[in-house]
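In what follows, a single structure is set out as structure tokens and then discussed.
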Amino acid sequence: IIGTARDVTELKRSQEALRHSEERFAKAFHANPSYASVSRLEDGRFVAVNQGFERVTGWKAQEVLGRTAMEIGLWSEPAERGELVRHLREEGEWQGFKVHFRRKNGEVILIEGSCVLTEIGGEPQIIGVARDITEVARAEEEIRNLNVTLEQRVRSRTAELEEAVREME
């Protein structure tokens with residue numbers, strides 16, 4: 001009888017650690033209330049999306065998985081995807097960018113996102129998270145407009161008061 005033995009304890013530990021790591025990532029991905037997706041770099045084909053993606057875009061996971069963002073018309077301005085891909089190829093990540101998406105119902109929204117380029121199964125893929133900031137951007141614009149109006153009123157009222165003072169002298 002000839003036999004061989006090999007200690008696989010370390011291999012088993014590594015496999016278990018990898019399984020736990022994958023489990024943690026999956027739970028964090030799906031529990032995230034914001035838009036989250038995994039898509040292929042080359043064509044934007046969706047590999048995974050979470051419920052936040054569904055809420056932000058109006059698209060259900062089963063409607064987009066295996067399809068590209070261009071096929072579903074997600075990019076309101078397709079050149080923005082080209083810029084994202086270029087940036088990811090050069091830098092590997094992009095934090096806090098703003099782009100326009102088109103929801104399933106046709107509404108164009110402004111999103112703020114962050115992406116990282118990674119390799120999964122030997123293929124470059126994008127892990128992205130984003131949030132809809134359309135209402136925030138509208139509110140900021142309204143505040144800017146109100147400030148301009150207020151500044152104009154202050155200048156006008158100041159000029160009136162200065163004129164009144166000159167007339168009194």
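Miscellaneous remarks
- The angle separating the long axis of helix 134-168 from the principal Cα axis of greatest extent in the chain is about 20 degrees.
- Phi-based couplings in Hz for region 41-57 (Karplus 6.51, -1.76, 1.60; Gly and Pro marked x): 4, 4, 10, x, 5, 6, 9, 7, 9, 10, 5, x, 4, 4, 5, 6, 9
- 3J(HN,Hα) along region 19-35: 4, 5, 4, 4, 4, 4, 4, 4, 5, 5, 4, 6, 7, 4, x, 7, 4 Hz, from the Karplus curve 6.51 cos²θ - 1.76 cosθ + 1.60 with θ = phi - 60°, whole Hz, x for Gly and Pro.
- Taking every protein chain into account, the accessible area of region 29-169 amounts to 61 square angstrom per residue (probe 1.4 Å).
- For region 50-169, relative contact order (Cα pairs under 8 Å, six or more residues apart, normalised by length) works out to 17 percent.
- Cα principal axis extents for region 63-114, largest first, Å: 33, 24, 17
- Karplus-derived 3J(HN,Hα), 6.51/-1.76/1.60, for each residue of region 11-16, Hz, glycine and proline x: 4, 4, 4, 5, 4, 5
- Debye intensity ratio I(q)/I(0), log10, region 1-137, q values 0.18 Å⁻¹ (C-alpha model): -1.01
- Enclosing the Cα atoms of region 73-169 in their convex hull gives a volume equal to 142 cubic angstrom per residue.
- Taking amide H as placed 1.01 Å from N in the peptide plane, ARG67 has its amide H under 5 Å from the amide H of PHE46, each at least 5 places away in sequence or on another chain.
- Accessible surface of region 115-165, 1.4 Å probe, proportion on carbon and sulfur as whole %: 56
The values are calculated or read from the model by the stated rules, or taken from the named source; none is laboratory data. Given the structure is predicted, the values throughout are model-derived calculations rather than measurements. These area figures cover heavy atoms from the full protein model, side chains too; ligands, DNA and RNA do not enter into them. Shrake-Rupley method; radii C 1.70, N 1.55, O 1.52, S 1.80 Å.
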